[in-house]
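First the structure, in the form of structure tokens, and then the observations on it.
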Amino acid sequence: MKLFILTVLICCTISTSKVWGQTTKLTGRVVNDADGKPLVGALVRSSNGNSPTKTDESGMFVLTISPKDTVLYVSFLGYETSEINLRTPYAKPLTVMLQPGVRALEEVIVSTGYEEIPLERATGSFEKIDNALLNRSVGMDVLSRIENIASGVYFNNRKVDINSVGPPDHDLYVRGISTLRNAQVGATAPLIVLDNFPYEGSIANINPNDIESVTILKDAAASSIWGAKAGNGVVVITTKKADFSQPTRVSFNHSVNVTAKPDLYARKVMEASDIIDMEMFLFDKGFYNSNETKRSKPALSPIVELLIQLRDGKMDTTNAYNAIDQYRANDIREDMLDYIYRQSVNRQYALSMDGGNAYHRFRLFGGYDKMLNSQRGSENDRINVKLENSFNIGTKLLLDSRIFWTQTRNTYASLGTTGANYGSNGYPYPYIRFADDDGQPLPVPNDYRMGFLDTAGQGKLLDWQYRPLDEIRNPANHVLTREILMNVGLTYKIAQWANAELKYQYGNENGIHQNHGSLENYATRDLINRYTQIDANGVVSYAVPLGGILRLTNTAASSHRLRGQANINKDWTDRHRLRGLLGMDVQQRKTTSNAYDTYGYDDEYLTFVTNIDHNTRYPIYANLAAASFIPNTRAFAGSVNRFVSVYGNLAYTFLDKYTITGSARKDASNLFGVSTNNKWTPLWSLGVNWNLAKESFIPDGWFDRLNIRFSTGYSGNVDNSMSALTTISYTTVNSVWGIDWPAAQIANLPNRELRWEKVSTHNLGLDFSIWNRRVSGSIDLYKKNTFDLLSPFPVDPSTGRSLLIMNVARTESRGLDLQLHTQNTVGKLKWSTDLVFAYNNNWIRETFEDELNPVSYTNLGSLIVYKGAMAYGAYSYQWAGLNPENGQPMGYLNGEASADYRQIASRENTRLTDLVLHGSARPLYFGSLRNTVTFRNVSISFNLTGKFSYYFRREGLDYGSLIELNNGHADYYRRWQHPGDELHTNVPAFVYPTDSRANSFYRNSEVLVERGDHIRLQDIRIAYRLDPVRAGQTVLLKNAEVFLFGNNVGFVWRANRLGLDPDVADGIPLPRSIAAGINLSF
């Protein structure tokens, strides 16, 4: 690319002979040609080469030049070097505008959260996602925006639910597993670092529109500086900041993202009419007789109620069958799409202002987001405010301060036992309607028989009918959270090459979950009615007072973090570079929570009833159940976690070719270890980087960059639910005598040897760039071993437990990360391609858990904790076909075809090694291919994603679910019905009564397993950049961009021939979405 250099030299009339007869001080400023921002640390030198200098925080420099200096060279990582012919005399500062280079991976500065490192001298595995790439998509949270663009980061989307009513709950893994503690919340999640401090709040609180970059630390050399919390990887989030001597700038961006309604018809199910026929068949067989006579009067379907009336002579045959036939034409999915689901709409607004002078810089950011979720009655909103100030105090002291404030609100409905969602089991009454022809809510079966509710109380009870639309229109749940983070930092320049830092951060989070069930909500009316009694005179008595029921859950957390750190960055000529740091962290986090119920609550007058007797068993109306206590939620919890860390990092570079790095850290916690050796855990890393491109044996011009990296070391994991000492949980329970008795239970048995989990990683990497950076990339091979993982271990039952969680397990992971960038064309038409690709597999190397029954291993996607097993192996029962005589499924027992399901499902007869191992239930290979084409002001980008070498278990016909829940898969039409059908179908015959063991065997057999491999057109982005708007010499609008973004566009190819989306669990694919937005900068 041709250099464009703008140089402003303003000279005064001074004697030329006088100027060239002595040295002169040349002052100037180096800025980015694209946005005018100062470039800090740019190298400025004269043609004579004496006393080069670097620009300061405002981009300014002062250089001593002599008459022999005729050319000025200005260079900066990531920018084209500028050569300026010097002329005298000089009167005003020189302004040098550098143009960004085509692309240079080696010129990226990455952040570890403790320091910033030039990637060309890094020995660890880093991946940086810059602001432009983050803003390519429109997700409401940061992690949503890095999905499908970061190598080695796997998002498990099979947990994504179309009925989710809150922010997305990401299940992501950086280079596979590092712990077996999946049961603990967030156990597998990477450490999130926000502006140099660990962040333990909700990732949904961080506004992605205020993020400058995200850096993923993958191996030990990159992440071990974070010690015992870095075993799962580290995601470093850096927010936007102003620069000193930057003109005031105002930016605004807005986007609207519309997501289609879920495609409920993608899930292949039986026709409603056939479900009705099945109910009629079951009724004739007496299937519903037990429910009909139960004291609890459980709900029966409308069809069964009609058949009961016909049987009991309360309805003649013609009317009964006419009423039944009216249901045959209905499909509950129509009403769900009309009344329950909607297009979700997400609106984002962000406004910022920043600027500064030589002594002060500031940034003010505000964001507002509003999301109407797919389910009606559910919505979220978020408000973010950030204020940042920095002050240069003299020439040596820098003061930084930041305040983040976030508020989120989440509203959603409580939908009762039956609910109004369409999920993995469909809907139990697929032929009913939620509304009449006028759109008025209709009652549907929920907890009790409709016939019972029609006459219960003879009009003296509250309305006991359940209407889903009323619940949707009166959402009972309101969640409010507020978070504030305040930090302040001092940086003192000890010397040109050394400084000291002191940073402190205070955090406070408060959450209120208010479940306010008014009399408009079914759950409130139901509880009041159940405890209501009507005597022989018709007098009504309420044990639960009339009015609303308020259930409040309060959570609070506060944290203090203090860090002291010394840094050095010393260069000796062009041969030696030394960079290092030494510091100490002290942290404390305190959490508290409480929950309680309030009865008779009136939200208008804020009144409630206090004299509730929770110690008496009250009779339940109509003897629906045994006498019971009125529910009384009272819960209190709290914890204090303290951590102390001492750490250091050192990097030495010789001749800009050879770099060696080392880091060490010791962590201690109030939770871990009784002995000093276990309380304090040392973690370390070593790394080397060899810049081959600068070696003499590499021909000039072959490589712009060629670096080989190797690193090894340890990081760790911490589980805050564990303690080395005995811990007891105290509760209060109601006794049968109506007395509150104190109770206690052991939460943790003592474990003096409790230790941190450790993760050892070996990483070999290659970074390259050729043909003037037209092709660049990196490849990393790694092996990760874990030690001392917490896992159950058998102990003497006399201790009161048969198992104790101890540091006894090990795992192994291997993988590859690849990044490749090509600049295919340059000039007016620019075309670039970015490929990210990864391989990862994991094995359990040591565990003391006993082998379980085989069915425990056939839930594809679950962690297989067994020695020697693939961690996410896809296991199934071996299939022997259908019995040609009765169409029942057959497996293998002792090597022979058998229908003895009890014995096949026994651990004694079917070991893990006897199951069919298809491969991995998670993609072993995954990645994306992104192409971007820019012509003048228009750019088009599309992203292909692929997942390969994995298997999933599709939905199939489950006769148990069919007769119990009316959940009938469309495979019902392919079932075995006559001898010979086994030659062209694997769907078992319907036999009544059903055999639950046969159903379980079929559901977990190999015939329902499909290859998950696929290629998807994940997204498309089209953008138009407007030219700057000027009024004379004044620039009114510096940058403006409008864009369209489509997500979940569709499949290009998939290995399964059934048209299934392998990445969803319930057969309903994630809907497509389209967004429109604008970005402005003034």
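The values are calculated or read from the model by the stated rules, or taken from the named source; none is laboratory data. Quantities reported herein were computed from a predicted structural model and do not represent experimental measurements. Note: ideal-geometry Cβ built from the backbone for every residue, glycine included; neighbour counts use all protein chains shown.
Quick notes
- Residue list for region 1014-1034, filter: touching a residue at least 24 places away in the same chain (Cβ under 8 Å) and not in a strand (DSSP E or B): ASP1027
- Residue in region 675-690 that is under 27 Å from SER715 (Cα atoms), over 31 Å from the mean Cα position of the chain (by Cα) and part of a loop (DSSP other than H, G, I, E, B) present: yes
- Residue match in region 1043-1065 (condition: part of a strand (DSSP E or B), over 30 Å from MET140 (Cα atoms) and of a type in the set (Val, Ile, Thr)): no
- Subset of region 498-556 (residues that are under 32 Å from the mean Cα position of the chain (by Cα) and aromatic (Phe, Trp, Tyr)): TYR504, TYR506
- Residues in region 1065-1082 that are more than 24 Å from the chain's Cα centre (by Cα) and within 18 Å of GLY1050 (Cα to Cα): there are none.
- Among the residues making up region 426-443, those that are part of a loop (DSSP other than H, G, I, E, B) and under 19 Å from SER374 (Cα atoms) are TYR427, PHE434.
- Here is the figure for region 522-543: residues that are in a loop (DSSP other than H, G, I, E, B), under 18 Å from ASP463 (Cβ atoms) and at pLDDT below 95 total 0.
- Subset tally (residues that are surrounded by fewer than 16 Cβ atoms within 10 Å (Cβ to Cβ), assigned to a strand (DSSP E or B) and of a type in the set (Gly, Ala, Ser)) for region 368-420: 1
- Residues being over 18 Å from ILE779 (Cβ atoms), touching a residue at least 12 places away in the same chain (Cβ under 8 Å) and not in a loop (DSSP other than H, G, I, E, B) - total across region 130-153: 9
- Out of ASN1048, ASN999, ASN1039, one residue alone is in contact with a Ser or Thr (Cβ under 6 Å, 6 or more places away or on another chain) and not β-branched (Val, Ile, Thr). It is ASN1039.
Table: residues versus (1) under 22 Å from the mean Cα position of the chain (by Cα); (2) closer than 23 Å to ASN1047 by Cβ; (3) outside any helix (DSSP H, G or I).
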position: GLY919; (1), (2), (3): no, no, yes
position: GLY927; (1), (2), (3): yes, yes, yes
position: ASN931; (1), (2), (3): no, yes, yes
position: THR934; (1), (2), (3): no, yes, yes
position: SER939; (1), (2), (3): no, yes, yes
position: LEU944; (1), (2), (3): yes, yes, yes
position: LEU957; (1), (2), (3): no, no, yes
position: SER961; (1), (2), (3): no, no, no
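- Residue that is modelled with the highest pLDDT, among those in region 208-224 that are of a type in the set (A, V, I, L, M), crowded, with 24+ Cβ neighbours inside 10 Å and farther than 23 Å from ARG181 by Cα: VAL214
- Looking only at region 18-39, and only at residues there that are under 47 Å from the mean Cα position of the chain (by Cα) and modelled with pLDDT of 80 or more, the one that is farthest from ASN357 (Cα to Cα): ASP33
- Entry remark, region 851-908: residues being assigned to a helix (DSSP H, G or I), hydroxyl-bearing (Ser, Thr, Tyr) and touching a residue at least 24 places away in the same chain (Cβ under 8 Å) number 2 in total.
- Counting only strands (runs of 3 or more DSSP E) that sit wholly inside region 720-806, those with at least 1 residues that are among the hydrophobic types (A, V, I, L, M, F, W, C), closer than 30 Å to SER151 by Cβ and at pLDDT 75 or above are 757-770, 775-794.
- Among the criteria (1) buried (at least 17 other Cβ atoms within 10 Å of the Cβ); (2) closer than 30 Å to ASN389 by Cα, the one GLY547 does not fulfil is (2).
This table checks each residue for (1) aromatic (Phe, Trp, Tyr); (2) assigned to a strand (DSSP E or B); (3) closer than 30 Å to ASN748 by Cβ; (4) at pLDDT below 95.
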| site | (1), (2), (3), (4) |
| --- | --- |
| ASN569 | no, yes, no, yes |
| LEU578 | no, yes, no, yes |
| ASP585 | no, yes, yes, yes |
| TYR605 | yes, no, no, yes |
| ILE612 | no, no, no, yes |
| THR616 | no, no, no, yes |
| ALA622 | no, no, no, yes |
| ARG642 | no, yes, yes, yes |
| ALA668 | no, yes, yes, yes |
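- Qualifying residues in region 60-74 (those that are modelled with pLDDT of 80 or more and crowded, with 17+ Cβ neighbours inside 10 Å) - the one nearest to LEU39 (Cα to Cα): MET60
- ILE844 vs. criteria touching a Gly at 6+ places or on another chain (Cβ under 9 Å), surrounded by 15 or more Cβ atoms within 10 Å (Cβ to Cβ), outside the structural domain of HIS978 (by TED's automatic domain parsing) and assigned to a loop (DSSP other than H, G, I, E, B): no
- Identity of the residue in region 432-443, in contact with a helix residue (DSSP H, G or I) (Cβ under 9 Å, 6 or more places away or on another chain) and not small (Gly, Ala, Ser), that ends up surrounded by the fewest Cβ atoms within 10 Å (Cβ to Cβ): GLN440
- Here VAL256 qualifies as farther than 30 Å from TYR114 by Cβ and in contact (Cβ under 8 Å) with a residue 40 or more places away in the chain.
- Filter pass, ASN763 being of a type outside the set (Ser, Thr, Tyr), out of contact with any strand residue (DSSP E or B) (no Cβ under 6 Å at 6 or more places or on another chain) and within 30 Å of LEU706 (Cβ to Cβ): no
- Selection over region 444-472 of residues that are buried (at least 18 other Cβ atoms within 10 Å of the Cβ), acidic (Asp, Glu) and not in a helix (DSSP H, G or I) gives a count of 1.
- Of the residues in region 949-964, at least one is among the polar types (S, T, N, Q), more than 28 Å from TYR422 (Cα to Cα) and in contact (Cβ under 8 Å) with a residue 40 or more places away in the chain.
- Taking the conditions (1) modelled with pLDDT under 95; (2) within 30 Å of PHE935 (Cβ to Cβ) in turn, SER832 satisfies each one other than (1).
To keep it simple, each residue is scored yes or no on (1) assigned to a loop (DSSP other than H, G, I, E, B); (2) surrounded by 14 or more Cβ atoms within 10 Å (Cβ to Cβ).
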| residue | (1), (2) |
| --- | --- |
| GLU279 | no, yes |
| GLY286 | yes, no |
| GLU292 | no, yes |
| VAL304 | no, yes |
| THR318 | no, no |
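- If you go through region 1035-1060 and pick out every residue that is closer than 21 Å to ASP1019 by Cα and free of Cβ contacts under 8 Å to residues at least 12 places away in the same chain, you end up with 1.
- Members of region 789-806 that are within 30 Å of LYS218 (Cβ to Cβ) and either among the β-branched types (Val, Ile, Thr) or out of contact with any Ser or Thr (no Cβ under 8 Å at 6 or more places or on another chain) (or both): PRO792, ILE805
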